[in-house]
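Data block below; observations after.
Here, each number is a calculation from the coordinates, and none is a lab measurement. As the structure is a prediction and not an experimental result, all values here were calculated from the model. A quick note on method: Cβ atoms are made from the backbone with ideal geometry, for glycine too, and the neighbour counts reach across all protein chains shown.
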Amino acid sequence: MQCHALTPEKRRCPQDARAGAQYCAAHDRELGQPAQGKPRLGGIAARLRGAFGPRIYDGGKYDPPGWLNDAPTQKVIEHLQNHPDSMVRWTAAYILRKRRAVEAIDPLWNVLQHDETRFVRQQSAVALGKIGTPLAVAPLVQALNHDRDQGVRQACAIALGNLGLPHTDQEIARVLEREENVYVKWDCIVALGQLGDRRVEKLLVRLQAEEIAQVIRDACRDALLEIQQRERLTTSPHPPSP
Ligand SMILES: [Zn+2]
């Protein structure tokens, strides 16, 4: 299996992972702590999220055809990667999302990188976010940086905000500084509000002052308020009275 880390250019590391590990030798030294999901794919990471984090809400409603919906997960993964009909690939990603199939993270990453149909890549990004382990962060950060489609980048920003994992705010902030699409910017700013890390306040204050689009200035104001509210909740022993 390929290494699960990103290069400094935010592309997937091309090295092979060490046997039984998530990362190549170099990245394993740097990242290979238990919280990152060693030793099995998603094993410890999935249990950590189960123990400490709430499941990420999934309001998606769609009835997949029975032949696909009842198939074993390995079969669904095969269709996700190989079926010639993009609607079947999309549906396979949706089913894996609903099953929160941790074993699908690697195939979903491949599809997010290489599928030619933007709706399939977008559904794969949503699925990675809903599966909700720390292993989903690297694929989402890569596509947020590099996918050519605005809808896919939006899905990645939303998923990273919902995941709520530490350090992702810095990844989103870096993208926000150079992103030009107003919808992607908006979703990045909302995600930063959800993540609630004060390190991004300076950037949001600057964007609020400089941005031409009113909708972006408003989003910055709301995100800054949310960050301050979250800060109060985590620093005060009692929640504020209404
Ligand atoms: Zn590596």
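Odds and ends about this structure:
- When only Cα pairs below 8 angstrom with a gap of at least 6 residues are kept, the chain shows a relative contact order of 12 percent.
- Three-way shape label, the stretch 166-242, alpha-carbon gyration tensor, a/c 1.5: prolate
- Residues Q113 and K75, FRET efficiency given R0 of 25 Å [Cβ-Cβ distance, rounded to 0.05]: 0.70
- Compactness of the chain as Cα Rg over 2.2 N^0.38 Å, two decimals: 1.04
- Under Karplus coefficients 6.51, -1.76 and 1.60, residue-wise ³J(HN,Hα) of the stretch 221-230 in Hz, glycine/proline x: 4, 5, 5, 4, 4, 5, 4, 5, 5, 5
- The stretch 152-166 - phi-based ³J(HN,Hα) in whole Hz, Karplus 6.51/-1.76/1.60, Gly and Pro as x: 5, 5, 4, 4, 5, 4, 4, 5, 5, x, 5, 4, x, 8, x
- For the stretch 188-206 and the stretch 104-152, distance of Cα centres in Å: 23
- Only lysines eight or more places from K202 in sequence, or on another chain, were considered; those with a Cα closer than 27 Å are K10, K185.
- The stretch 89-104 - phi-based ³J(HN,Hα) in whole Hz, Karplus 6.51/-1.76/1.60, Gly and Pro as x: 4, 4, 5, 4, 4, 5, 5, 5, 4, 5, 7, 6, 7, 4, 5, 8
- For the stretch 166-242, the relative contact order comes to 30 percent (Cα pairs under 8 Å, sequence separation of at least 6).
- Amide H contacts for L6 (H built 1.01 Å from N in the peptide plane; partners 5 or more residues away or on another chain; cut-off under 5 Å): C13.
- Cysteines in the chain lacking any other cysteine Cβ under 4.7 Å from their own Cβ: C156, C188, C220.
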